[in-house]
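Derivation of every value follows stated rules applied to the coordinates shown; laboratory data play no part. Being a predicted model, the structure only gives us computed values, none of them experimental. Note: ideal-geometry Cβ built from the backbone for every residue, glycine included; neighbour counts use all protein chains shown.
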Amino acid sequence: MNVVWEGRAVHPWPEVAALQASAAERFRAEGFPGRKHEAWKYTSVLALEKADLAETAAAPEVGLHTGASVGLASWADAAHRAAARAHLGRLATLAGAPLTALNTACFGDALCIHVPRGVRIEAPIEVRWVGASGGDVQYPRVLIVAENHSDFSVIEHFDGLGDGLGLTNAVTEIAVGEGATVRYSRVQADRPGAWQIGRVAVEVGRDATFHGGLLNLGAALSRIELDVTLVGTGAEARLHGLFAGTGAQHLDQHITVTHQSPRATSYQDFRGILGPGARGVFTGRVNVTPGAHHTRAEQQNRNLLLDPTAHVDTRPQLEILNDDVQCSHGATIGRLDETALFYLRARGIDLPEARRLLTTAFAAPILEALADEGVQTLARTWLERVAPPTGAPA
């Protein structure tokens, strides 16, 4: 993929222009990650090096709400600009992250969502991106700043139109202030020919709570990285994710939670549902740093294979550099319970419908954890592609 560096517009903020120049230099030196990169062991993006993709602007559709300041960072009012300047590029670090460096070098401007101190917003703020069409590459960039004691939800959608290989390389940064609560859902439902690569970098402050929900459903190849750092005492992160695919889909989840302060809590539940020919990857890592006493961390990855040709690689990991912690992790890979299928069929339910019911039940804990009913409905619709309803072939 040829990235044009010469003649690129310079960001109007000198500090961002300097960040982008540094990111461009880093990507030129490192290039696309290969299998020698441990974090990319099971997902190859080297085909992008030979892809002929033209850069296009990423333009989101945004639902506005009273109480939130939403807009492009460089065009915002003074308070909005101050929040953006304090956080843009700070959370999504570049070390060991070449595709984050590529996004940082190439994004045109950042969509900034800023919620002031103490503001509570009931309805979710929705951001919708139409992904890159065939032959195009886009670099969406979002910054979400929750000031102290604010409370709101954001849903970020990634859809797509057209045919052929197109790449969306997206980065979202979320700063959760002291005592704030942020509920964030990322819904990837791109078209079959697309490639979707995304990173969400989150910092959670003292006594703050972050609820993260990831739905990885579409695209031919997709990878989502979620990096959560609990920097304040009493911070909490509750993370739920579902990846579901069939055919030749490749769905990669790479989750890192870092406990940096005492009495912080994290909970992860990620589930994969894979139909014929699909491949899933889950890497989940919990880091407990020195001084993060009384940490509580739980991580689970459960996977359901609906066909012998489906495959999943799962790697739960813990690194604990501390005493006085409660940490656990685990992973399972299985198929539909034959006894449960027999039970349902004995009560007059045909095989495709029985498979669908059991598959939906497997996904139910993740769907119920999502705050928005519309997102839940979308996920159930996609599950029917993987486990067809009554009358469809199994």
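For the stretch 76-182, applying the loop criterion from DSSP together with a ceiling of 10 other beta carbons within 10 Å to the trypsin sites (Lys or Arg not before Pro) yields no site.
Comparing A248, A29, A220 in a Gaussian network model of the chain where C-alpha atoms under 10 Å apart are linked, the largest mean-square fluctuation is found at A29. In order along the stretch 248-259, the phi-based Karplus estimate (6.51 cos²θ - 1.76 cosθ + 1.60, θ = phi - 60°) of 3J(HN,Hα) comes to 9, 5, 10, 10, 10, 10, 10, 10, 10, 10, 10, 8 Hz; Gly and Pro are listed as x. Using the Karplus curve 6.51 cos²θ - 1.76 cosθ + 1.60 with θ = phi - 60°, work out ³J(HN,Hα) for each residue of the stretch 272-280 in order, rounded to whole Hz, and write x for Gly and Pro. Each residue's phi maps through the Karplus curve to give x, 10, 10, x, x, x, 7, 10, x Hz.
What range in the chain is the longest one free of GluC sites (Glu not before Pro) that are in a loop by DSSP and have at most 14 other Cβ atoms within 10 angstrom? Excluding the exposed sites themselves, the longest stretch runs over 123-394. Between L378, L72, L305, the Gaussian network model of the chain with springs among Cα atoms under 10 angstrom shows the greatest mean-square fluctuation at L378. Computed 3J(HN,Hα) for the stretch 200-212, one whole-Hz value per residue from the Karplus formula 6.51 cos²θ - 1.76 cosθ + 1.60 where θ = phi - 60°, is 10, 10, 10, 10, 10, x, 4, 6, 9, 10, 10, 9, x, glycine and proline marked x. Name the long-range amide H neighbours of D252: under 5 Å, sequence gap of 5 or more, or other chain; modelled H, no Pro or chain starts. Those lying under 5 Å, H to H, from D252 are S222, R223, I224, V281.
Only DSSP H runs of four or more residues enter the estimate; each adds -39500 (n - 2.57), and after division by the residues of the chain the mean residue ellipticity at 222 nm equals -6000 deg cm²/dmol.
Entry note, the stretch 248-303: relative contact order of 51 percent, from Cα contacts under 8 Å with a spacing of 6+ residues. From the Kirkwood radius over Cα pairs of the chain, Stokes-Einstein at 25 °C and 0.890 mPa s returns a whole-number translational diffusion coefficient of 114 µm²/s. Going by neighbour counts of Cβ atoms within 10 Å, the residues I366, I320 line up, fewest first, as I320, I366.
Look at the alpha carbon pairs under 8 Å that are at least 6 residues apart: their mean separation over the length of the chain gives a relative contact order of 10 percent. Each residue in L344, L161 was given a count of other beta-carbon atoms within 10 angstrom of its own, and listing them fewest first yields L161, L344.
About its Cα centre, the dipole of the stretch 14-337 is roughly 380 debye, where the only charges are +1 on Lys and Arg Cβ and -1 on Asp and Glu Cβ.
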